[in-house]
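Single-structure report; data block below.
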There are 6 protein chains.
Amino acid sequence: MSENDAARHDGRTPDQLRKVRITRNWLDHAEGSVLVEFGRTRVLVAASFTEGVPRWMKGQGRGWVTSEYEMLPRSTNTRSDREARKGKVGGRTHEISRLIGRSLRAIIDLKALGENTIVVDCDVLQADGGTRTASITGAYVALADAVEDARKRGLIAAKAQPLTGSVAAVSVGIVKGTPVLDLDYPEDSTAETDMNVVMTGEGRFVEVQGTAEGAPFDRAELDALLGLAEKGIAELTTLQQAALDAPARERLQ
Amino acid sequence: MSENDAARHDGRTPDQLRKVRITRNWLDHAEGSVLVEFGRTRVLVAASFTEGVPRWMKGQGRGWVTSEYEMLPRSTNTRSDREARKGKVGGRTHEISRLIGRSLRAIIDLKALGENTIVVDCDVLQADGGTRTASITGAYVALADAVEDARKRGLIAAKAQPLTGSVAAVSVGIVKGTPVLDLDYPEDSTAETDMNVVMTGEGRFVEVQGTAEGAPFDRAELDALLGLAEKGIAELTTLQQAALDAPARERLQ
Amino acid sequence: MSENDAARHDGRTPDQLRKVRITRNWLDHAEGSVLVEFGRTRVLVAASFTEGVPRWMKGQGRGWVTSEYEMLPRSTNTRSDREARKGKVGGRTHEISRLIGRSLRAIIDLKALGENTIVVDCDVLQADGGTRTASITGAYVALADAVEDARKRGLIAAKAQPLTGSVAAVSVGIVKGTPVLDLDYPEDSTAETDMNVVMTGEGRFVEVQGTAEGAPFDRAELDALLGLAEKGIAELTTLQQAALDAPARERLQ
Amino acid sequence: MSENDAARHDGRTPDQLRKVRITRNWLDHAEGSVLVEFGRTRVLVAASFTEGVPRWMKGQGRGWVTSEYEMLPRSTNTRSDREARKGKVGGRTHEISRLIGRSLRAIIDLKALGENTIVVDCDVLQADGGTRTASITGAYVALADAVEDARKRGLIAAKAQPLTGSVAAVSVGIVKGTPVLDLDYPEDSTAETDMNVVMTGEGRFVEVQGTAEGAPFDRAELDALLGLAEKGIAELTTLQQAALDAPARERLQ
Amino acid sequence: MSENDAARHDGRTPDQLRKVRITRNWLDHAEGSVLVEFGRTRVLVAASFTEGVPRWMKGQGRGWVTSEYEMLPRSTNTRSDREARKGKVGGRTHEISRLIGRSLRAIIDLKALGENTIVVDCDVLQADGGTRTASITGAYVALADAVEDARKRGLIAAKAQPLTGSVAAVSVGIVKGTPVLDLDYPEDSTAETDMNVVMTGEGRFVEVQGTAEGAPFDRAELDALLGLAEKGIAELTTLQQAALDAPARERLQ
Amino acid sequence: MSENDAARHDGRTPDQLRKVRITRNWLDHAEGSVLVEFGRTRVLVAASFTEGVPRWMKGQGRGWVTSEYEMLPRSTNTRSDREARKGKVGGRTHEISRLIGRSLRAIIDLKALGENTIVVDCDVLQADGGTRTASITGAYVALADAVEDARKRGLIAAKAQPLTGSVAAVSVGIVKGTPVLDLDYPEDSTAETDMNVVMTGEGRFVEVQGTAEGAPFDRAELDALLGLAEKGIAELTTLQQAALDAPARERLQ
């Protein structure tokens, strides 16, 4: 197959996102919550706001934002063992949890948050590629809701602006020689190169993680992938904003 | 408040279930899957069928059915730590996982299943009381779907009848002196006595677990609770059957 | 074999307990200790009284009673691995530890105990069925001794009455179609239904845990089992009282 | 107090053992079992014989003997946490388990044992100093019984002689300037030097472990301690032999 | 400070590596071993060759290369707890171990390796920034030696070419507004952006991992950093080749 | 073979140490650090001084000295798994860590140290027998440097004398019937008896740990081994003193 007619297995063009859905307040209790879907990938995000910070941060006048990511055992095509049963968190899980936390902290002013903590749980209900990018994209919306909720309850000052911007993430990769946007699992598992890009709504980079799964890639390929990512992030930013502009279901308290 | 006008806090009568919803095939990949809701309590159940049995059962011509239960960290009103992060599964989690597994095995003919294993994962997305009874009630439906799926794919014989009946569960308890059916969290946390009852569709007992949280209870109270449970199970059995009678969304393979 | 001539394998009648022995102060240092024997089942119980409560209970003016149960590796017919070596406590061990703790708290007034903690360790030296019911029955006696010891040492007020009653436990089950009392291991491993019942000395229920190991059971069978349990508990209550009425060996301090 | 009239706190002379009791077949199921008491120190020893050896030893025609030591949480004056709950075995526990295993292997001909394994569990029911030496001394008797039991059941050849001798252990130490034999806990906790000596019945050394708890010791003190140990071991050897010469209660099979 | 006079704190120019030393065969037993130093950063690398592959890879005619990274507790300025004592491997440790493994596999033909396994241990003796990039750079040399050693011993075919190229890594970052190469710890801890780049000797990318520690970065900054990395990798490739061209001390066998 | 011609496999006489090297300040940051070599055995020792003591020692005016020992996975002839990956510290590792700690505390006046803690890490880079004795011998030098460093920085009083003497360790054993000093791995793995001796510079015993690996040993053999150890320790004490008398490279702060 030549690159020209490289129709993707699900009919998308190389620079096309999957259908993205962001459902706010999917949970009744969490200060912010989102069910985010990138095609079949489905992640439940819950942002929990609590007053106070971990002991090692006390008295510095700064807050903390962190994240934990986990996959349900049957989110994947074949069942995986639970990490709780194995008694330890795997390397990949740690890696992604840390990535989400760093990405969110890139657009949070911890001083403006005050001595409060927000933990963002990203639990993958169904996995079809891009679970980390869907998590980050949904996590921003849940985080924004949790910050607004805290403001309404008077836990942060009315004029405080802890959010300094928005953040979203998308994967790009080289599949059968063609750079493509937002890989699903069949594409991801055959990609020669796979890159996850996290950017702010203003188009600046927060994280760039590219890996040659097959042959190493050259500078031109890298540039093509970055261009695709910039396009995808811009669209995701629009979708995040639309979700936040819509009225949200009331949270129980 | 006298017992006569003991309206429950959500308006239900003492012998009334919460609104129960059973959504089949909520996941695309699992051989059987259900999103089961008892009011606000929401559990995602996935039944995974695999050929073969654990090593210690090989060569006996019998299959195995087991279950794992876990709560998402923000399923509850305030966030709980992940068991995977704590590095061990808590006592309550073990206890409920074992209960679900035993309940399902009560209506499975392991010989008829052949040397195959079904693991039923029950992940609580939102908890509002009755998570173990919702899990069992939903798990039966997911299990039935997984068995049918295996039959269609020729993994069990066309004429094999691994299911010997149906099973459902409900909680009953004494709240402010009144025996009530299907406690939600506010009721559960103030109940004097709390009992979980697992029964077959034919009305026989599989498990009876009653605990005096406050004052010990007498034989008359025990009898009243068992009566309520019998009524609730009969209704749940009807709902399970209705869900299974409806056409299900096709599973991806 | 008809039910009429259902002699049990050890010659007991269906409603007969095994020989029960309760030896107080089997240890020199524990505030209360008991070697309790139900036939060959032999459990060493130690009640440890310490001033203060866990951090999460401080300042509430209430005490705490909890329990830990464990089996020695060769308490059973064939050796089992130590849980300490496996690095985790098994589900069954957790489940029984929690049951014993709840049972004791049912007859303790935690306010009257003041901000003190009693941990009751139940270590099974030899197992022949009924280890959890023997543990609870012995634990009550050790607990009563620990409370008296604290009173003598002035750690609780002379007039405080932390014990609100007594508690004992027994197993009942359906073996070869016959409801029987206090199953030993050969009976337990072949029972169709197995139920553990915890009751106060006044005959009220604290816990009822019935499980259909084979065929589910009906309401009539359940009633027969509860009747047997009531008879057994009454006898155990008499034996506990007799043990406590006897003068105890002095504890070393 | 001058060294001349250094009566020990319990009235013993410097070279006197505590009262030692060895009760065989304290358990009904273990192939060999002993309740061994050195004064108030009380250890339950169970020797479990199983056919076969660990995977890494298969096919070499040799057997394996190992040991596991653990203290019950309230064996000591104040309660210690269970190692199973802490999720790991402590350094001291490992150290003593390994010492007991090595000591037993010093008098076992693993070839003569054939491809069989004996695990000797030493569980300290009550601790008052010398738990490791009591364990070794009792373990030899339980091991001898387990070997005879295997011979009777035809699991080792009638003429095989796996035991090449006997082994016993005793502690010695310098307390208030005086070398003494078989320290109890009050002595052990104040000793300047503490030494555990393991010897065969023929008077040869298997292990010598001396530690200066306070001031380092010189060669003359070391020699005095070794002399005391030799005397104590000779007496323990006699007691072991007497226990083995007595008829033992029959083991259940 | 303007960019023009941006002397680095140790006097280097922005595009200058620290002094790099690669000492082969620092260990007597390992099939390949290197002490690699990037300035004060000092990593001991050992490549262990063993015949056979993990169970899940057997029979596919392919080998396996993996890596484990760990820091000694006092490699850092203040002591850190050992991961072995904490009972779990931290997220950062996992992340770096996986990165090193992937980097090495990018230049290994696993088919040509045959069913053999090479584990490359990277233990950081002293940390001063760039421990992961020093590890990868040294690991390639140790891996090359291990492959040659296997060839000499006839464990891989004389003509097999498991190495398809070389691989090295370097960090780049933006410090006080200036893009610099090979950050040491004082630079790394104040960098606004930090990027690790892994490339082959032919100048193709294997991994690109950039993180905005402070402000997000734009495309121009990203391009500048990639340019610096390309220069650094070229120099490291030359140093690796020089090290491999020198005669190595003989390994003990 | 008679003792006269008992040439050892590496040409040493029975009472000859291997070549011992003590390199101070091998690390830039640790308060005291030593690379100690006994022949091929190579241990990196780092002494970390921190103000304050563990919680359980606070307010007693005493300091604390402890040690942690670990082997790098490829320090040995064949690779061993990392303890951090296995999730638990092995018995042998615990045992040696505790031995080193006790040995150092024998020559430390904890009162004179004040409420400060010194942790001495001993990481075995290469193992060829005697890793624990090399560790202790090197640890004394690192400890002495850490104490002097604290004095210079005013963290302990100028006149305080926390060191009450020096300590060193050596192994002795019976190899092919001959008592020899400082066994290397080939000797250690074939020794009939193996003994580790820790002594002060004044020639008093701190620890004596002798083990019959093969046949038990008699009193005459024990005496011969102790004599050899006394000779070896005297030589090691001289080497330690020489190392400490030499000027040390300055530590970075």
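Taking all protein chains as they are arranged and a probe of 1.4 Å, the heavy atoms of A:Val119 leave approximately 20 Å² accessible to solvent.
Placing a label point 7 Å from the Cα of C:Asp245 along the Cα-to-Cβ direction, the distances to the matching points in the other copies come to 4.7, 6.4, 8.5, 8.5, 10.0 nm, shortest first. Can you tell me what percent of all Cα-Cα pairs in the range E:123-253 are more than 26 Å apart? When every Cα pair of the range E:123-253 is considered, 31 percent fall beyond 26 Å.
Proximity of backbone amide H atoms, modeled 1.01 Å from N, is registered between D:Leu163 and D:Asp109 at under 5 Å, excluding neighbours fewer than 5 places apart on the same chain.
For the range C:89-166 and the range B:89-131, what is the centre-to-centre distance using only Cα atoms, to the nearest Å? If you average the Cα positions of each part, the centres end up 31 Å apart. Principal semi-axes of the equivalent ellipsoid, √(5λ) from the alpha carbon gyration tensor of the range E:90-139, are 23, 11, 10 Å from largest down. Counting Cβ atoms of other protein chains within 10 Å of each Cβ in B:200-208 and taking the mean gives 5. Assuming charge only on the beta carbon of Lys and Arg (+1) and of Asp and Glu (-1), the dipole of the range E:114-224 about its Cα centre is about 660 debye to the nearest 20. Note on B:23-33: average number of Cβ atoms from other chains within 10 Å of each residue's Cβ is 3. Electrostatic tally near F:Arg8: other residues with Cβ closer than 9 Å to its Cβ, Lys and Arg +1, Asp and Glu -1, net -2.
As a ratio to 2.2 N^0.38 Å, the alpha-carbon radius of gyration for the range F:113-177 is 1.45. Taking chain D as a Gaussian network, Cα atoms linked when under 10 Å apart, which of D:Ile136, D:Ile174, D:Ile156 shows the biggest mean-square fluctuation? It is D:Ile156. Put simply, the Cα atoms of chain E extend 60, 42, 35 Å along their principal axes, the longest span coming first. Legend: calculated FRET efficiency, E:Lys86 to B:Thr178, from the Cβ-Cβ distance at R0 = 56 Å, rounded to 0.05, equals 0.65. Amide H contacts of C:Met71: C:Val124, each under 5 Å away and 5 or more positions distant or on a separate chain (H built 1.01 Å from N in the peptide plane; Pro and chain starts excluded). Only helices enter the 222 nm calculation for chain E: every DSSP H run of n ≥ 4 contributes -39,500 (n - 2.57), and dividing by all residues gives -9500 deg cm²/dmol, rounded to 500.
Note on F:Thr23: accessible area is roughly 60 Å² with a 1.4 Å probe, heavy atoms of protein only. Geometric descriptor of the range F:62-104, per residue, is 88 Å³ (volume of the convex hull of the Cα atoms). Taking the Cα atoms of the range A:1-129, the ratio Rg/Rh between the radius of gyration and the Kirkwood radius comes to 1.07. When Lys and Arg each count +1 and Asp and Glu each count -1, what net charge do the other residues less than 10 Å away from B:Asn77, Cβ to Cβ, add up to? The answer is 0.
Listed by chain and number, the lysines whose alpha-carbon sits under 30 Å from that of D:Lys19, ignoring those within fewer than 8 places in the same chain, are D:Lys176, D:Lys231. Rounded to the nearest 20, the Cβ-based charge dipole of the protein assembly as shown about its Cα centre (Lys and Arg +1, Asp and Glu -1) stands at 20 debye. Cross-link partners of A:Lys58 among lysines, defined as those whose alpha carbon lies under 21 angstrom from its own and excluding same-chain residues fewer than eight positions apart: A:Lys111.
Summing Lys and Arg as +1 and Asp and Glu as -1 over all other residues whose Cβ lies under 14 Å from the Cβ of E:Gly52 gives a net charge of +2. With respect to the axis relating copies D and E by rotation, the chain D residue whose beta carbon is closest, plus that distance in Å, is D:Gly87, 4. Using a 10 angstrom cutoff on alpha carbons, build the Gaussian network for chain F and name the most mobile of F:Lys176, F:Lys19, F:Lys88. Between F:Lys176, F:Lys19, F:Lys88, it is F:Lys88 that shows the largest mean-square fluctuation. Surface calculation, 1.4 Å probe, protein heavy atoms: A:Glu213 sits at approximately 110 Å² accessible. Computed over the protein assembly as shown, the range of Cα coordinates on each principal axis works out to 96, 93, 62 Å, biggest value leading. For peptide C:89-96, the mean count of partner chain Cβ atoms within 10 Å of a residue's Cβ comes to 6. Note on chain A: with a GNM built from Cα contacts shorter than 10 Å, the maximum mean-square fluctuation among A:Glu221, A:Glu230, A:Glu68 falls on A:Glu221.
The values are calculated or read from the model by the stated rules, or taken from the named source; none is laboratory data. Since we're looking at a predicted model, the values are computed, not measured. A quick note on method: Cβ atoms are made from the backbone with ideal geometry, for glycine too, and the neighbour counts reach across all protein chains shown. These accessible areas exclude ligands, DNA and RNA; they are computed on the full protein's heavy atoms, side chains included. Shrake-Rupley method; radii C 1.70, N 1.55, O 1.52, S 1.80 Å.
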